[in-house]
1. Kindly evaluate PHE474 against the criterion of being open to solvent by 50 Å² or more (accessible area, probe 1.4 Å) and touching a residue at least 12 places away in the same chain (Cβ under 8 Å).
2. From the residues in segment 313-334 that are surrounded by fewer than 16 Cβ atoms within 10 Å (Cβ to Cβ) and hydrophobic (A, V, I, L, M, F, W, C), which one is nearest to ALA362 (Cα to Cα)?
3. Restricting to segment 383-424, name every residue that is open to solvent by less than 50 Å² (accessible area, probe 1.4 Å), β-branched (Val, Ile, Thr) and over 24 Å from ASP369 (Cα atoms).
4. Among the residues in segment 343-363, are any over 42 Å from the mean Cα position of the chain (by Cα) and not hydrophobic (A, V, I, L, M, F, W, C)?
5. Exactly one of (1) farther than 30 Å from SER402 by Cβ; (2) in contact (Cβ under 8 Å) with a residue 40 or more places away in the chain is unmet by SER284. Its number?
6. Go through LYS293, LYS300 for me and flag whichever is under 22 Å from TRP213 (Cα atoms) and not in a strand (DSSP E or B).
7. Determine whether LEU462 is surrounded by 13 or more Cβ atoms within 10 Å (Cβ to Cβ), out of contact with any Cys (no Cβ under 9 Å at 6 or more places or on another chain) and part of a strand (DSSP E or B).
8. Among the strands (runs of 3 or more DSSP E) contained in segment 359-453, which hold 3 or more residues that are at pLDDT 90 or above, over 26 Å from GLN222 (Cβ atoms) and in contact with a Phe, Trp or Tyr (Cβ under 8 Å, 6 or more places away or on another chain)?
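The values are calculated or read from the model by the stated rules, or taken from the named source; none is laboratory data. From a predicted model like this one, the values you see are computed outputs, not experimental measurements. No Cβ is skipped: glycine too gets one built from the backbone with ideal geometry, and neighbour counts run over all protein chains shown. Accessible surface is based on the protein model in full, side chains and every heavy atom, while ligands, DNA and RNA are left aside. Shrake-Rupley method; radii C 1.70, N 1.55, O 1.52, S 1.80 Å.
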Amino acid sequence: MPCKIFQAGESIAPAITFFWQEATFRPHFFIMKKTLLSILLCLIVSVAYSQLQRSQLQRSRLDSLRKRPVRTLSPFCVSYADSLQLYRQRFFSDTLRSDTLSPLDDAYSHLSQIVPLTFYHGVTQRLFDIDDTAPLRRDVDLLVSRMYISHPEYVLDTDSRLTAEGEIAFRPDEPVVNNTGMTSQAEEEVIHIPSASRPSSDVTLVTMRPNFWTYSGDFSLQFLQNYVSDNWYKGGESTYSMIGAVTYNANYNDKEKIKWDNRIEMKLGMQSSQGDTLHSYKSSEDLIRLTSKLGIQSVKKWYYTLQFIASTQFTHGYKSNDETVYSDFMSPLNVNLSLGMDYKVEWCKKRLVGTVNISPMAANFKYVDRLYLAKKYGLSEGKHSLWDIGSTFTTDLTWTFSKLIKWKTRLYAYTTYKRTEVEWENTFNFQLSRYISTSLFVYPRFDDSASKKDGKYGYLQLKEYWSLGFNYSF
């Protein structure tokens with residue numbers, strides 16, 4: 001009998017035909033023919049059965065989805081679901097970009113703070129913590145804290161009770177590696193959102209103009225207290241002081257050539273002392289100051305700058321046991337307009353930042369509303385105002401030594417080459433918690449236009465205080 005050999009890759013159809021023809025004329029091939037027919041029949045039956053099972057499984061899944069009860073969410077649940085959806089988008093866009101997730105810092109360890117809603121002590125603790133919190137974790141903490149405050153009736157459990165029950169979070173010993181090949185998705189429950197909250201089917205593409213404005217500021221309320229009993233063996237008197245300060249910045253930068261920085265600073269401090277029998281309270285700190293700088297970039301960190309500074313105060317200024325008003329609103333008012341160069345400081349790995357302004361051309365205007373104070377502030381007697389021309393030098397720097405210690409300094413110098421005025425404000429801030437700090441303020445000042453030269457200090461003046469209180473920055 002001739003032996004036919006089939007090579008790899010050839011079709012199996014010629015082989016079946018060959019064996020079928022041989023089995024017709026040779027008896028011992030008849031058994032092979034029956035065997036081949038049995039194998040083909042089994043293959044056909046198994047394929048048909050698998051297709052039938054698959055169709056039945058799909059039909060059962062569709063039936064279960066149709067029979068599943070449909071829930072309509074309340075407006076509160078809709079808004080809460082929107083917050084969770086935003087959180088989910090940020091999680092998958094920010095956290096999962098890296099190849100691995102840290103078991104201590106990944107957002108999965110904080111999902112238990114949302115569902116079910118539980119009161120966690122760590123949320124409040126992290127909000128007041130000094131250490132910087134990861135943006136994603138801080139978003140979750142803010143969301144949960146707002147839920148605690150706005151809807152305490154939805155808080156179903158406490159952290160202490162869940163901790164007593166056992167482990168409440170999955171914390172693997174090793175980092176979790178992303179499985180990029182995973183494409184399956186869990187079945188989701190069908191939820192019908194009310195029509196009022198559904199997005200419109202009409203989608204309009206809107207091109208938004210970039211926002212070149214940035215806003216920042218800080219608020220502080222500081223307290224000073226000193227108590228001395230009447231029978232204290234060395235004498236002395238008790239004093240009580242409170243100082244409130246607000247700083248707000250609105251800066252424009254088009255990332256090309258134009259930069260416009262604006263800052264308003266307001267401080268008001270009041271104090272009382274037993275030794276002052278004429279005033280129950282008098283101001284210890286009083287300032288209103290507006291600084292605006294418009295710059296056009298010259299080179300990398302240098303800008304041609306037009307600078308405007310105006311300053312005055314809120315209320316009367318007194319001395320102890322003296323009815324004379326030594327300063328007041330618009331007494332004095334100082335306005336300085338200068339033209340020069342501004343340098344952007346970014347030193348010490350950006351821990352020392354700020355600006356340095358050098359203006360060889362400056363015009364200064366001084367106004368005093370109370371005529372009897374004119375000579376005290378360098379004006380001619382009987383005159384309300386004074387114009388002069390000179391040069392200015394201004395620095396505004398912030399040096400962050402660590403997360404706990406920060407130094408802010410401002411140096412302002414103006415000279416007409418006949419008189420000179422120098423102010424150097426220094427604030428050392430020591431952070432005790434996220435919202436509690438203690439501050440040391442040192443303010444030396446030199447002004448040789450004063451009407452009277454002090455016999456002890458000359459033209460040098462000094463103010464200093466140490467305070468403890470609350471502060472908030474954004």
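1. So PHE474 passes the test.
2. Narrowing segment 313-334 to residues surrounded by fewer than 16 Cβ atoms within 10 Å (Cβ to Cβ): 314-315, 319-326, 329-330.
After this cut, where a residue has to be hydrophobic (A, V, I, L, M, F, W, C) as well, the list is 314, 325, 329-330.
On the way: PHE314: 26, VAL325: 30, PHE329: 24, MET330: 21 Å.
Taking the candidates together, the pick is MET330.
3. Once the filter is applied, which keeps residues that are open to solvent by less than 50 Å² (accessible area, probe 1.4 Å), β-branched (Val, Ile, Thr) and over 24 Å from ASP369 (Cα atoms), segment 383-424 yields THR392, THR394, THR395, THR398, THR400, THR409.
4. Residues of segment 343-363 that are over 42 Å from the mean Cα position of the chain (by Cα), as a first pass: none.
No, segment 343-363 has no match at all.
5. Going through (1) farther than 30 Å from SER402 by Cβ; (2) in contact (Cβ under 8 Å) with a residue 40 or more places away in the chain one by one, SER284 breaks only (1).
6. Details: LYS293 fails: not in a strand (DSSP E or B).
The conditions single out LYS300.
7. On the way: surrounded by 13 or more Cβ atoms within 10 Å (Cβ to Cβ): no; out of contact with any Cys (no Cβ under 9 Å at 6 or more places or on another chain): yes; part of a strand (DSSP E or B): yes.
Judged against the criteria, LEU462 is not a match.
8. Details: elements: 385-400, 405-415, 420-431, 436-447.
Here the list reads 385-400.
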